[in-house]
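Presented below is the structure to which this report refers.
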């Protein structure tokens with residue numbers, strides 16, 4: 001089936017899906033979870049092919065980590081699907097109602113976006129997360145994954161379609177395999193309502209620049225953690241280490257650590273040694289380089305870089321205002337963290353930093369749909385129309401007005 005025919009069938013499925021109940025959708029998602037459990041061996045075998053190819057092509061360790069599926073990660077996918085199945089159905093929910101002086105009842109109702117095309121790289125778990133969220137919110141999904149995860153994506157899409165076929169209409173979940181089809185896909189605005197690119201900066205920019213369909217971008221995660229002068233050392237070390245080393249190859253890992261110059265010098269020395277002990281390469285400003293001969297000089301490019309590996313830029317700032325200014329200049333509107341106690345400083349950080357998630361006294365790693373109670377995410381939106389931050393089922397709906405009258409006419 002060519003891409004035009006696939007898009008047409010997806011649009012037809014959008015109309016048919018409206019006739020299925022919330023219970024039908026719940027059963028379909030639970031069926032996905034059951035099929036994943038039953039076919040675990042097939043998933044691991046398909047993923048092994050992708051890993052072997054990635055290793056042969058000398059892909060980075062961060063890329064291979066994002067690509068890898070093991071039993072633990074498949075179980076996490078199963079648990080996410082179950083959690084989404086048990087969520088309240090957001091589709092067609094009334095979220096607000098007022099009565100006008102003339103007696104008109106004006107309601108706001110959430111409705112599905114329609115046909116959503118998602119173009120993503122590396123992470124095959126996206127197939128399951130996106131499918132479950134699309135079904136929960138009554139949307140139709142077209143998926144295009146990266147070639148590095150070809151076998152994994154193909155197997156997972158096969159499992160999803162097998163699982164939902166007894167419960168829903170055909171063409172609810174669709175998979176596109178050819179890279180060449182992307183350029184055509186992003187022009188089919190008569191059939192597709194939204195494009196979500198999730199991957200590297202090059203992919204996201206290409207989609208934004210060439211799509212005739214509205215785009216919600218999941219852009220790079222150039223995340224910062226700022227340590228205020230009154231931060232407790234043990235708390236700061238625990239949070240900063242987790243934000244960098246727990247899983248450095250993901251978009252919510254911290255890439256730059258900013259430290260107020262009035263934070264005690266012994267604390268700065270200790271936290272640097274903690275990172276070096278965890279085999280993190282540090283690139284620092286001149287004030288940071290004085291603490292250890294192994295610290296490389298940070299360049300302008302370093303402040304602009306999403307490393308996705310065990311590399312960390314560290315900078316001493318002489319005020320909260322300068323820390324905020326650094327984030328405003330180099331941040332990617334993804335996740336920004338503050339560690340400290342001063343209430344006015346926390347309030348200022350929250351008000352002046354523009355990011356999809358502000359984290360206070362905790363790790364940037366928590367900006368994740370599963371961790372924030374969404375079950376999973378289609379991605380983390382770094383633009384503001386109409387979602388900002390992790391996109392769960394509710395973020396795949398939009399509000400419309402429903403007006404109920406008793407014969408009122410406009411005067």
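The values are calculated or read from the model by the stated rules, or taken from the named source; none is laboratory data. None of these values were measured; they are calculated from a predicted model. Cβ sites come from the backbone with ideal geometry, for glycine too, and all protein chains shown count toward neighbours.
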Picking from 300, 279, which residue would you name as being more than 23 Å from the chain's Cα centre (by Cα) and on the phi > 0 side of the Ramachandran plot?
279
Could you tell me how many of the residues in segment 147-177 are in a loop (DSSP other than H, G, I, E, B) and either touching a residue at least 60 places away in the same chain (Cβ under 8 Å) or touching a strand residue (DSSP E or B) at 6+ places or on another chain (Cβ under 7 Å) (or both)?
7
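Based on this model, can you work out whether residue 194 counts as more than 24 Å from residue 66 (Cα to Cα) and outside the structural domain of residue 275 (by TED's automatic domain parsing)? Break it down stepwise before answering.
Working: more than 24 Å from residue 66 (Cα to Cα): yes; outside the structural domain of residue 275 (by TED's automatic domain parsing): yes.
Yes.
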Identify, please: which residue in segment 380-401 is part of a strand (DSSP E or B) and surrounded by fewer than 14 Cβ atoms within 10 Å (Cβ to Cβ) and is, among those, nearest to the chain's Cα centre (by Cα)?
400
Identify the single condition in (1) surrounded by fewer than 23 Cβ atoms within 10 Å (Cβ to Cβ); (2) in contact (Cβ under 8 Å) with a residue 40 or more places away in the chain; (3) assigned to a loop (DSSP other than H, G, I, E, B) that residue 377 does not satisfy, given that it satisfies every other one.
(1)
Those residues of segment 332-356 which are in contact with a strand residue (DSSP E or B) (Cβ under 6 Å, 6 or more places away or on another chain), over 11 Å from residue 225 (Cβ atoms) and in contact (Cβ under 8 Å) with a residue 40 or more places away in the chain, in sequence order:
334, 349
So which of 311, 295, 327 ends up being in contact with a strand residue (DSSP E or B) (Cβ under 9 Å, 6 or more places away or on another chain) and more than 26 Å from residue 61 (Cβ to Cβ)?
327
Exactly one of (1) in contact with a strand residue (DSSP E or B) (Cβ under 8 Å, 6 or more places away or on another chain); (2) farther than 11 Å from residue 311 by Cα; (3) buried (at least 18 other Cβ atoms within 10 Å of the Cβ) is unmet by residue 242. Its number?
(1)
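Within segment 69-77, can one find any residue that is touching a helix residue (DSSP H, G or I) at 6+ places or on another chain (Cβ under 9 Å) and closer than 25 Å to residue 13 by Cβ?
So the first thing to find is which residues in segment 69-77 are touching a helix residue (DSSP H, G or I) at 6+ places or on another chain (Cβ under 9 Å), and the list is 69-71, 73-77.
When the remaining residues are screened for being closer than 25 Å to residue 13 by Cβ, the result is 77.
Scanning segment 69-77 turns up at least one residue that is touching a helix residue (DSSP H, G or I) at 6+ places or on another chain (Cβ under 9 Å) and closer than 25 Å to residue 13 by Cβ.
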Among the residues of segment 1-26, count how many are touching a residue at least 40 places away in the same chain (Cβ under 8 Å), within 24 Å of residue 82 (Cβ to Cβ) and either out of contact with any strand residue (DSSP E or B) (no Cβ under 8 Å at 6 or more places or on another chain) or not in a helix (DSSP H, G or I) (or both).
5
